[in-house]
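For reference, the structure discussed in these notes is given below.
Just so you know, all these numbers are worked out from the coordinates, no wet-lab data involved. Worth saying up front: this structure is predicted, and the values here are computed from it rather than measured. Backbone-built Cβ (ideal geometry, glycine too); neighbour counts: all protein chains shown.
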Amino acid sequence: MFDDRDENSRPDERPTDPADRAREKTDAFRMHAELAAVFEAKRKFDAQILSGLDADVARDVQRTIARLEKAKVPDTPVIAPESAADAARLLTLPDAAKLTTNDYHVHRRPGETMIVRWLAGEQVESFYERLQAHFDAALGQFREEERQQHGWKQDATTLKYLEALDAVNIRMADRYLRDPIREHSVFVLSTQAADEIDILHLCDYVMGVPAADVVGSASAPPEDGATEKDRAWFFKLFALRGMSDGVERMCFFAFLQKTDDSAW
């Protein structure tokens, strides 16, 4: 998922430059770290999955996110200043709509699910800690596996590849532009998408809940004999970050749709 390359793809389809190979893997780890940090709160931070998010609120979030996505400064995830008020309003919507932060607020339609999660203050700090931990754990395990599998080889390309992996040192908060957000009060919106995500992986493995708790019993894969089609959902995740009233805030908006329906 997330457009990662297949490990079994033909050699001519995979990067040949050692640095490019290492960069491709770290990009995949970065996206999976974000997925885990966003959706693990039911298991790690006592978050609740709250069904029945008001339809008007859900549509407001969806439309605002869509406007903000179009309002980014070209070739950056930074929201243009003229749309800053829209971003600030969305980040503080829990106050206006009397919604909780940390929890997952869910609105469902047939074959579609929208999930909104807000964070504020210390919750943001915990998110960044978990984001970094997930990335470091995945990269560390992969380094060890690659060295065990390929370390005995003495060809120059393999050695450069292993050296490139060892040289990776990514601070995830930098990738999220956390310092500019706090120092300059800019608003930032980033996205990641998958044409097909395994809904059971997201729900059972990452969130630790049955799929029916998230997408509803009518849309969830059958408990026995679920096919790939049953499990495949279009997925797009938006991560809005910024400062409002002196508080660091985040809003995650996930749109999921069964892949046999038209995507948003």
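Structural remarks
- Kirkwood radius, the range 16-258, all distinct C-alpha pairs, inverse of mean reciprocal distance: 19.3 Å.
- Each Lys and Arg contributes +1 and each Asp and Glu -1, all at the Cβ; summed about the Cα centre of the chain, the dipole is approximately 520 debye.
- Likely footprinting exposure, Ser244, Ser219, fewest C-beta neighbours within 10 Å first: Ser244, Ser219
- Of the residues Leu139, Gly246, Asn102, the one whose Cα sits farthest toward the positive end of the charge dipole of the chain, with +1 on the Cβ of Lys and Arg and -1 on the Cβ of Asp and Glu, is Gly246.
- Here the residues Thr113, Thr100, ranked from fewest to most Cβ neighbours within 10 Å of their Cβ, fall in the order Thr100, Thr113.
- Positive dipole terminus of the chain, leading residue within Leu35, Val206, Ala85 (C-beta point charges): Ala85
- Computed on the Cα atoms alone, the convex hull of the range 134-264 gives a volume of 182 cubic angstrom per residue.
- Counting other Cβ atoms within 10 Å as a rough exposure proxy, the listed residues Lys42, Lys229 run Lys229, Lys42 from fewest neighbours to most.
- Among the chymotrypsin sites (Phe, Trp or Tyr not before Pro) in the range 31-133, those placed in a DSSP loop whose Cβ has at most 15 other Cβ atoms within 10 Å are Phe45.
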